[in-house]
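Undergrad: Encoded as structure tokens, here's the structure I'll be asking about.
The values are calculated or read from the model by the stated rules, or taken from the named source; none is laboratory data. Keep in mind the model is a prediction, meaning the values are calculated, not measured. Accessible surface areas use protein heavy atoms only, side chains included; no ligands, DNA or RNA. Shrake-Rupley method; radii C 1.70, N 1.55, O 1.52, S 1.80 Å.
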Amino acid sequence: MTTSQAPTSDDLAALRQRYRLERERRVRPDGASQYQGTDAEFGYYAADPYTAGAPERDALHDTVDVAVIGGGFGGILAGARIRQQGVESVRIVEKGGDFGGTWYWNRYPGIHCDIESHVYLPMLDETGYVPRWKYSPGEEIRRHAVRVARQFNLYQDVLFSTTVTSLTWDEESQTWLVATDRGDAFQATYVVTATGTLSEPKLPGIPGIEDFKGHTFHTSRWDYAYTGGTPEGGMTGLSTKRVGIVGTGATGVQVIPMVAEDAGHVYVFQRTPSTVDVRANCRTTALDVGADRAGWARERRDNYLRIVSGETAEEDLVADRWTMSASLLEKLLPSFRRRGDRSAFEAEYEIADAAKMNELRARVERTVIDPDTAEKLKPWYRYACKRPAFSDTYYPAFNHGGVTLVDTADTHGIERVTEHGVVVGDTAYELDCLIFATGFSVGTSGIQSGRLPVHGRGGAQLLHVRAQQGPRTLHGFTSNGFPNLIQMGSLQNASSVNFTHVLDEQAVHAAALVAAAEALGALIEPSREAEDDWIADLAEDAPDHEWFHAECTPGYYNREGLGRPNGPTAYPHGAVAFHELLRQWREESLGEILQTRSKF
Ligand code: NDP
């Protein structure tokens with residue numbers, strides 16, 4: 001059934017059966033351990049392709065008020081909001097050679113953000129910038145990151161090409177000792193961690209992957225020296241090359257049509273097809289988005305957040321495929337406003353889901369000429385099982401004579417890499433270049449990965465404490481035993497598909513904490529009771545998504561098919577309600593986590 005008409009109960013039963021079979025074709029016993037990092041055999045990753053050599057500088061041994069770890073949008077917004085509170089001494093430490101985070105590292109051809117730029121780009125009201133496209137190219141976003149950093153004077157005292165290697169609380173001076181890979185050992189009264197969730201590239205652990213003698217790289221370190229061209233295309237270096245691309249997630253969907261334009265031949269190694277919905281990118285003017293009114297960006301962003309968080313809204317200002325499919329995002333996000341009778345909801349949800357997936361499969365059928373290729377490109381799982389993708393050039397790329405789709409589902413992915421190429425089933429594909437669009441280790445950057453050890457009071461290591469007691473925070477930001485440490489991210493916090501909005505609210509909160517502590521000369525540290533209360537609040541209404549993800553095709557949302565843990569990982573009533581809760585808490589209760597320094 002591939003039409004977009006409403007499914008019957010027989011259709012639903014057939015779909016459930018098909019989804020089960022498709023899941024079984026792909027699930028692997030090794031789960032997430034099938035992947036490896038990119039820094040071992042793939043030396044290319046270690047280098048920063050955009051900054052030639054880290055500039056020489058002396059190691060720092062001074063003191064700052066605030067150290068912010070990470071110079072992506074999280075760190076930039078934290079720095080900016082803290083400066084807005086009048087705290088001047090802010091030092092951002094960033095691994096890359098400039099600001100931008102994800103948008104610094106990812107510059108692959110075709111890179112765009114598929115969240116509308118007028119809601120994705122933060123601080124548009126403050127900077128006066130109006131994006132030129134409904135969905136911005138990566139370079140416009142990277143430049144905006146630089147724009148915000150400049151406006152808030154964040155280049156002053158930033159440390160680029162520098163990785164923080166440890167954070168250690170010093171009881172005597174009541175400051176954090178920040179150590180880096182450049183020999184710095186400076187003190188900071190407050191530390192804000194903004195190390196991102198998708199910053200550690202991963203590669204599949206395919207046997208023989210190190211033996212390949214051709215060229216290879218990960219999409220987040222695109223090698224334009226080899227391919228030629230720019231993110232807009234023109235990769236003349238590929239014109240005679242046989243290029244293999246592994247991965248058809250949101251990145252692969254953007255990259256593949258671009259490489260198809262320029263390469264001699266492209267082999268797309270697909271394990272699970274993405275859902276690829278209409279994107280309809282277009283030029284936009286200030287008039288289109290009402291940017292002549294003060295506060296237009298905040299209004300639009302709030303409207304978007306309401307819709308994609310499950311709240312009602314009088315109008316849909318963005319009106320794209322994210323907002324039109326918003327009701328299906330419930331299972332995608334642990335933090336989503338849920339309401340009404342659950343059993344009635346689940347029945348309606350399944351029907352809406354099937355109708356949407358039928359529509360998406362019909363789109364493939366309408367667009368891809370070769371029926372066998374079209375069949376392989378159809379996604380057979382429920383909408384929220386995988387992160388949706390959006391493109392109007394992806395399916396047409398498969399009508400290009402120079403593109404071959406290789407389905408690897410039956411072999412659970414590529415079986416083997418040899419000196420000369422890739423083996424799937426009985427077929428060996430000879431390649432000159434192999435590009436990995438294989439994504440990132442999710443939620444394992446910075447302090448969650450252990451790569452950045454954090455030692456709090458009495459030398460307690462944050463990750464060890466978490467391993468023993470489970471994550472304990474107040475609102476996701478602060479933890480007992482780790483004074484003046486403010487963590488940005490989604491743990492025990494709220495999330496949204498528009499993550500920069502979430503980061504901005506987090507930055508406002510972090511800045512308010514710092515300002516309040518500065519005003520009173522106090523330490524920021526929640527009590528154990530405050531943490532207990534927060535965890536109990538999260539647990540009370542934690543959504544039961546386990547059954548849903550247990551039936552999903554493998555991916556990073558369900559730990560590669562092993563199931564997503566239930567329990568209190570996020571605020572369960574949606575980002576809008578969470579932000580309101582934080583606002584109220586700042587007005588009424590912030591003082592409760594300020595401890596007088598003399599106490600210690
Ligand atoms: P993903 O993790 O989403 O995709 C990785 C791809 O690699 C999947 O198709 C996966 O297949 C495939 N793969 C992994 N191992 C193998 C193997 N052994 N053989 C064959 N295929 C394999 O990474 P992306 O970089 O695409 O996206 C990561 C995230 O980045 C997105 O979810 C999104 O949050 C963000 N992003 C956002 C964009 C935006 O516009 N806002 C654009 C791009 C990315 P399988 O599915 O079977 O595991």
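Undergrad: Determine the order of Thr51, Thr236 by accessible area, beginning with the largest, at a probe radius of 1.4 Å.
TA: Heavy-atom accessible area, descending, gives Thr236, Thr51.
Undergrad: Roughly to the nearest percent, how much of the accessible area of the chain is carbon and sulfur, given a 1.4 Å probe? Intermediate values should be presented prior to the final figure.
TA: On the way: 11810 of 23510 Å².
Answer for the chain: carbon and sulfur cover 50 percent of the accessible area.
Undergrad: Need one word for the chain: rounded, prolate or oblate. Basis is the Cα gyration tensor (sqrt eigenvalues a ≥ b ≥ c); a/c below 1.5 gives rounded, then a/b vs b/c decides.
TA: prolate
Undergrad: Would you list Met258, Met324, Met488 from the most to the least accessible area, probe 1.4 Å?
TA: On the way: Met258 45, Met324 120, Met488 25 Å².
Sorted by accessible area, descending: Met324, Met258, Met488.
Undergrad: Based on the alpha-carbon gyration tensor of region 445-528 and its eigenvalue square roots a ≥ b ≥ c, which shape applies: rounded if a/c is under 1.5, prolate if not and a/b is larger than b/c, or oblate?
TA: The shape class here is oblate.
Undergrad: If you count only protein heavy atoms and use a 1.4 Å probe, how large is the accessible surface of Asp62, to the nearest 10 Å²?
TA: For Asp62, solvent-accessible area is about 60 Å².
Undergrad: If you don't mind, there's one more thing I want to ask. Ranked from the most accessible area to the least, with a 1.4 Å probe and all protein chains present, what is the order of Thr195, Thr175, Thr63, Thr230?
TA: On the way: Thr195 40, Thr175 15, Thr63 90, Thr230 65 Å².
The ordering from most to least exposed comes out as Thr63, Thr230, Thr195, Thr175.
Undergrad: Just read off the accessible area of Trp547 with the full protein assembly in place, 1.4 Å probe, to the nearest 10 Å².
TA: Number for this one is 90 Å².
Undergrad: So what's the angle, to the nearest 10 degrees on a 0 to 90 scale, between helix 499-520 and the longest Cα principal axis of the chain?
TA: 10
Undergrad: I've got another one for you. Counting heavy atoms of the protein chains only and a 1.4 Å probe, report the per residue accessible area for the chain as a whole number of Å².
TA: Accessible area per residue: 39 Å².
Undergrad: What is the total of Lys pairs in the chain with C-alpha atoms under 27 Å apart, excluding same-chain pairs fewer than 8 positions apart?
TA: So the count works out to 22.
Undergrad: Per-residue accessible area for Glu365 at 1.4 Å probe radius, Å² rounded to 10?
TA: Solvent-accessible area, nearest 10 Å²: 90 Å².
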